[in-house]
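Chemist: There's a structure below that I have some questions on.
Here, each number is a calculation from the coordinates, and none is a lab measurement. This structure is a prediction, so every number in the text was calculated from the model and none was measured. Glycine gets a Cβ as well: all are built from the backbone with ideal geometry, and neighbour counts include every protein chain shown.
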Amino acid sequence: MSLLAPQFLWGLLAIIPLVAAYLLKVRPRKKTTNAWFLWEKILTEKNSSSLFSKMRNIISLLIMLIALILVIFALCQPKFSTEDNRDLIIVIDRSASMNATSDDNTSTSRLAKAKTKAHNLIRSLSPNQRASLATIDKQLNFVTHLSSNALRLHQSIDNIKPSAIPLNQSTLSSISNNSSENHRIIFITDGCTTKNTTPENQKIEFLNIAEDAKPDNLGIIAADIQLTPGDTSAKCMIKIASSLTNTTKAEVELFHSATESVGKLSEFTIKPGTNKPFFFDIPDAIDKPGEWIARILRKDNLEEDNTVTLILRKLPVIPVTIPSGDNYFYQRCIEAFSKSGGSLQIASPDQNSKITVYHGAVPENAAGNIIIFAPTGKSPFWTKLGKEVLVDLAIAENPLHPTLRHSDINQINFPGAKQITPPDNARIIVESEQKIPLIYQINYSNKSVIVVNLNPSQADFFLSPSFPIMIHDAATYLSGHDSQLASIYPTGTILTLTDPKSSNSSPATTISLNSPGTHEYPKKNRPLKVSAATLSETETLLKSSLISSDLKNLATGYPLSFWLIILAITLLTLESILYHRRKAD
């Protein structure tokens, strides 16, 4: 044990006057009396109890001596020699999972527990030790600079608010790489992270407040809603994760916010971990755009991930040009979208169409972006064209390409496909098992071209739902409308929005989606709505096994000097009781 303020040991000299006050005797004054027989009995009783009185004085003296010594040692700020006295950087995790309640059926959140741990660290600071506070979710934010002002540090901890943004572990690593050897970084967390952190290789010390937690939680980790191309219905998808160790059942409700009409109410079997997506078909959804709310009807540790708000957006109008000639199938396809409220329309002569659908040969002076079916003849969009081949298996080389958004490649056999060699700059989207390109994209002379290596007139492919959907997705992508706002975003997303009707000099609007729910982008005519939710598998599963507490040589709670003062006050209280009893005697 060491003393941080040994100069206060001089206070032990106060023992001398304290002992003197108890040992020095006061000489009584003599006075004459004319009634000795009245005092004789009193003096006899007093002499018989003098030994006991002396013993009480000695006990009282010992109590006062011990109390004095305790106070002096408390002023010296004793510390155990193994304790590290460097300044502390206390980082408190306030990510979405810290909103979860405890597993002991109380309403105490994990963040409240973390703040209690931080208060204990501040109380244990020595007089020459400082601390700095920071919070982390997606970003690291310092709340205070290094300070020894305990009151200010405690107030700053109390003012920390929860966040709905998932934890970004790489942000925490940045402070570890830039930290000094004169500081200790204490990370108070519930351990919900995607990375297995090994404290031996880092400068961060962990305090896991949920190390032994057994969470009971279901949550939505992905969701989407879209109108079905060429139809009046919509399709909704939600993906659920479960922290439970057993399979359970839960009801999921989907309803339109404005009309409060229930679209679906279904019961699903939820397995432990991440489940496969569940799909809802919503009839006549084209007349109900706007906010749709999906929620799990179940109470658990984290209520925030049980509900998501999805924005069902109207399809943009995309004029498409169909050249004269063999265009019957394509005209009927576009007309089907127009009649069902879809986004594709046959361009009129006065419309400025940026999309043209060709069947077979393509003229060299073709303008705008192009979709080509059943390629024939010579063209700059392919270098060699051979005879027809039979496609047994189609493989998506780029499954996330917008052209495949609503298409199931496994259900398309690509009738009329030919041996074709694309240009060197082609981006292969789908190819056959024999490496024959079936769908690819090239950029040529300021135009973007998608080549679909199939003939819709063969094998009645024009009757397949895949045909109009493929045209819709390709046209939407080439027109730039595939980049329209999604139905929902993860919290923490930053969107940069511009008004397409405004001039190029108009400033963009940046929206930070830091809270779940609906956010509005103000426009002159009508507000544009965007929605956010946590949508994080890590936060929903509430797993804390990847991080274990590893604090070393760090005191927490009240310092030793505090308990010495408490003990001294207790002894003084005891002496006060003895003193009043002596007076009563």
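Chemist: My understanding is that a pair violates if its Cα-Cα distance is over 23 Å; which of Lys117/Lys161; Lys138/Lys276; Lys214/Lys235 do that in this structure? The partial results should precede the final answer.
Modeler: Working: Lys117/Lys161 16 Å; Lys138/Lys276 27 Å; Lys214/Lys235 35 Å.
With Cα atoms farther than 23 Å apart: Lys138/Lys276; Lys214/Lys235.
Chemist: What residue among Ile420, Ala459, His401 has its Cα farthest toward the positive end of the dipole of segment 318-483, where the charges are +1 on Lys, Arg and -1 on Asp, Glu, each on the Cβ?
Modeler: Ile420
Chemist: Could you tell me which residue out of Pro323, Ile225, Ile282 lies farthest along the dipole of segment 204-341 toward its positive end? Charges go on the beta carbon: Lys and Arg +1, Asp and Glu -1, centred on the Cα centre.
Modeler: With unit charges placed on the Cβ atoms, the residue in question is Pro323.
Chemist: For Asp87, list long-range residues whose amide hydrogen, built 1.01 Å from N in the peptide plane, is under 5 Å from its own amide hydrogen.
Modeler: Long-range HN contacts for Asp87: Arg130, Arg184.
Chemist: Read phi for every residue in segment 421-430 and hand back ³J(HN,Hα) as whole Hz from Karplus 6.51 cos²θ - 1.76 cosθ + 1.60, θ = phi - 60°, with x for Gly and Pro.
Modeler: Once rounded to whole Hz, the list reads 10, x, x, 5, 8, 6, 10, 6, 9, 9.
Chemist: Percent of alpha carbon pairs in segment 318-483 separated by more than 25 Å? Don't jump to the answer; show the numbers that get you there.
Modeler: Numbers: 3268 of 13695 pairs.
Distances greater than 25 Å cover 24 percent of the Cα pairs.
Chemist: Pop out the ³J(HN,Hα) list for segment 405-414 in order, Karplus 6.51 cos²θ - 1.76 cosθ + 1.60 with θ = phi - 60°, rounded to Hz; leave Gly and Pro as x.
Modeler: Going residue by residue, I get 4, 10, 9, 9, 4, 5, 9, 10, 9, 6 Hz, with x marking Gly and Pro.
Chemist: If you don't mind, there's one more thing I want to ask. Between Ser457 and Glu251, what is the label-to-label distance in nm when each label sits 7 Å out along the Cα-to-Cβ direction?
Modeler: 5.6 nm
Chemist: When the Karplus curve 6.51 cos²θ - 1.76 cosθ + 1.60 is applied with θ = phi - 60°, which whole-Hz ³J(HN,Hα) does each residue of segment 8-18 get, with x for Gly and Pro?
Modeler: Values per residue, Gly and Pro as x: 6, 5, 4, x, 5, 5, 5, 5, 4, x, 5 Hz.
Chemist: Further question: Which values, in whole Å and largest first, are the semi-axes of the equivalent ellipsoid of segment 269-335 obtained as the square root of 5 times each eigenvalue of the Cα gyration tensor?
Modeler: Working: eigenvalues 339, 49, 20 Å².
Values for segment 269-335, descending: 41, 16, 10 Å.
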